[in-house]
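What follows draws every value from the coordinates through simple rules; no lab data is involved. Just so it is clear, the structure is predicted and the values come from calculations on it, not from any experiment. No Cβ is skipped: glycine too gets one built from the backbone with ideal geometry, and neighbour counts run over all protein chains shown.
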Amino acid sequence: MSIMSNAKRVLAVAAAAATLFSMAACGSSNAASSTGSDAAASSGKIEVVASINQWGSVAADLGGDNVEVTNIMTKTNVEAHDYEPTAADVAKFGSAKVAVVNGADYDPWASKAAESTQATLVDAAETAGIKEGDNPHVWFSAEVRSATADAITAAYQKADPDNKDDYAKLNEDWHAKEDKLESKIKETSAKTAELPYAATESVAWYLADDLKMSDATPKGYAQASANESEPTPADIKDFQDALKGGSIKMLVFNSQEASSTTDQITGAAKDANVPIVELTEQMPSEYDNLLDWMDALVDQFAAAVK
């Protein structure tokens, strides 16, 4: 998780709430989002807004030609946790019939914006009982992906009951692909089970857990990352020593949150010939959907096993 002060997070949420209040008071919400709303209405499609592109891709797969999905966050060169929404971002939630957010305090601005509208809200983390304070990178979890897909389908069937059967079929097709991915994860876990790995951040923890790997990230560094604070020089040295000592067999590196600290960690891994799996939080542009991205990451983990 990125290192961001709680104060900055609160300000971002407050800004989103203030923007919604302002638009409601002056009647500007409809004007700000009328183009997208009118287009969806004229086409008969459900207007969907997703806070992050990976969940937006799931929403698109499950809706097919019956939905129009807008993703707010799509780039891998920004710090996801630090994202501050614009007035235009918030306005998009005002005209949506379905809003998909990650939850678990990953995108609090989006949750706040969606709750203040008439949109049916799908909170991915909430579908699997994951709450604020838990690891928020829930799209890496097979359980959460499946539960979220079903929640999105239910939201579509509620918004557009005439096409209920279409959404049921799209859901069935999506689960067939997810089942294939989970079979691949199970097969790969024969190689990765109990493999000690460490991470510069706990971004892919759920995927590593599904692969039955063992988290060997030094405790001090892991706690600092979880608390959104800088690791101490001693924490960094412990991490480097563990890599050099051979107790860590794989390093997971979130390149979206690269820093001088992670440079020291990845440098130590390279010196010790420890394989590095490099990934990002947001889905890279070369992937059209979340499942293809996860499939490619499973291959990366498998290839990194010596």
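Taking every alpha-carbon pair under 8 Å whose residues sit at least 6 apart, the range 167-306 reaches a relative contact order of 25 percent.
Seen against the Cα atoms of the chain and their longest principal axis, helix 233-245 is set at about 70 degrees. Selection among P161, A222, V252 by position relative to the dipole of the chain gives A222 as farthest towards the positive end (Cβ unit charges, Cα centre). Computed on the Cα atoms alone, the convex hull of the chain gives a volume of 116 cubic angstrom per residue. With 31 Å as the limit, write out which pairs from K191/K219; K184/K237; K92/K186 have Cα-Cα distances beyond it, or answer none. Distance filter (> 31 Å) returns K184/K237; K92/K186.
Karplus-derived 3J(HN,Hα) values for the range 100-105, using 6.51 cos²θ - 1.76 cosθ + 1.60 with θ = phi - 60°, are 10, 10, 7, x, 6, 6 Hz; glycine and proline are entered as x. Compared with the dominant Cα axis of the chain, that is its longest principal axis, helix 6-26 is turned about 10°. Within the chain, the longest run free of exposed loop sites, counting GluC sites (Glu not before Pro) that sit outside DSSP helix and strand states (H, G, I, E, B) and have at most 10 other Cβ atoms within 10 Å, spans 1-193. Compared with the direct C-alpha span, the chain from K164 to V78 gains 27.2 nm at full extension, assuming 0.36 nm per residue. Rounded to the nearest 20 debye, the dipole size of the chain about its Cα centre is 340 debye, using +1 on the Cβ of Lys and Arg and -1 on the Cβ of Asp and Glu.
Each Lys or Arg adds one and each Asp or Glu subtracts one; over the other residues with Cβ under 10 Å from the Cβ of I130, this totals -4.
Size estimate for the range 146-268 follows the Kirkwood approach: the inverse of mean 1/r over distinct Cα pairs works out to 17.0 Å. With semi-axes defined as the square roots of five times the eigenvalues of the C-alpha gyration tensor, the equivalent ellipsoid of the range 65-111 measures 19, 12, 11 Å, largest first.
For V67, the residues whose amide H sits under 5 Å from its own are I46, ignoring neighbours fewer than 5 places away on the same chain, with H placed 1.01 Å from N. Based on Cα contacts under 8 Å between residues 6+ apart, the chain shows a relative contact order of 19 percent.
Charges were assigned to the Cβ only: +1 to each Lys and Arg, -1 to each Asp and Glu. The resulting dipole of the range 41-146 about its Cα centre is roughly 300 debye.
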